[in-house]
Amino acid sequence: YLVGAGANFHLFPFMTDQGMPATTAVLVISVLSVCAALGGVLFGFLAERICVKILMAGVLISIGIIFFLVFWAVKSPVWMFVFAVVYGIIRGGVLPLIFLLWTEFYGRRSAGTVLGIAGPFRMAANAAGPVSAAIFFDLFHNYWIPFSVFTVLLIMAGFMCLVAKPPVSNA
């Protein structure tokens, strides 16, 4: 949530700061959004055929790497549209997979409780992502640090998915 909100909020100013026209930046984000919607559907189908834990790890590691590559892609509108399609499709898998993973780990009977308890933390992270990136941008006048941190966090989260084990019930 921290990375997703921070990246989404700052992608437009990042592109325009690099010299991309505002209309092109808006179109890139629009393509990314449509592709993310399609990606959610795609990854919903994939989750029925592939272990959700492995799928989520692949998604997080992939979007971490792809998001890092945006530093070089932004010089060319063509590459930004390629980024928007690929990143959007893969990024679209995050939300459905998070809920499937939590349900798989904690069971359907506990899903509401787990999601409810996690809600305030998700919302706090959702707010902290854009704010922290803005602070770093204001201090250093570029997005290198926050976008690099986002990349590292995504890749770490992907590897954590691979080693995560569901809790053991004492009942």
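The values are calculated or read from the model by the stated rules, or taken from the named source; none is laboratory data. Fair warning: this is a prediction, and the values are worked out from it, not measured in the lab. Heads up, the Cβs are rebuilt from the backbone with ideal geometry, glycines too, and the neighbour counts pull from every protein chain shown. Just so you know, the surface numbers come from the protein's heavy atoms only, side chains and all, with ligands and any DNA or RNA stripped out. Shrake-Rupley method; radii C 1.70, N 1.55, O 1.52, S 1.80 Å.
Worth a mention:
- Residue in the stretch 139-150 that is small (Gly, Ala, Ser), closer than 15 Å to Leu2 by Cβ and either out of contact with any Leu (no Cβ under 7 Å at 6 or more places or on another chain) or open to solvent by 100 Å² or more (accessible area, probe 1.4 Å) (or both) present: yes
- Residue satisfying all of: in the stretch 132-153; among the aliphatic types (A, V, I, L, M) and without any contact (Cβ under 8 Å) to a residue 24 or more places away in the chain; nearest to Tyr106 (Cα to Cα) among these: Val149
- Selection from the stretch 98-115 of residues that are part of a helix (DSSP H, G or I) and either acidic (Asp, Glu) or on the phi > 0 side of the Ramachandran plot (or both): Glu104
- The residue that is nearest to the chain's Cα centre (by Cα), counting only those in the stretch 154-171 that are within 21 Å of Gly4 (Cβ to Cβ) and open to solvent by less than 70 Å² (accessible area, probe 1.4 Å), is Leu154.
- Of everything in the stretch 116-171 that is among the hydroxyl-bearing types (Ser, Thr, Tyr) and in a helix (DSSP H, G or I), the residue that is nearest to Phe9 (Cα to Cα) is Ser132.
- Test: residue in the stretch 43-63 that is farther than 15 Å from Ile98 by Cα, open to solvent by 60 Å² or more (accessible area, probe 1.4 Å), assigned to a helix (DSSP H, G or I) and of a type in the set (Val, Ile, Thr): no
- In the stretch 1-42, the residues that are open to solvent by 60 Å² or more (accessible area, probe 1.4 Å) and aromatic (Phe, Trp, Tyr): Tyr1, Phe9, Phe12
- Residue satisfying all of: in the stretch 69-118; under 13 Å from the mean Cα position of the chain (by Cα) and open to solvent by 60 Å² or more (accessible area, probe 1.4 Å); modelled with the highest pLDDT among these: Val86
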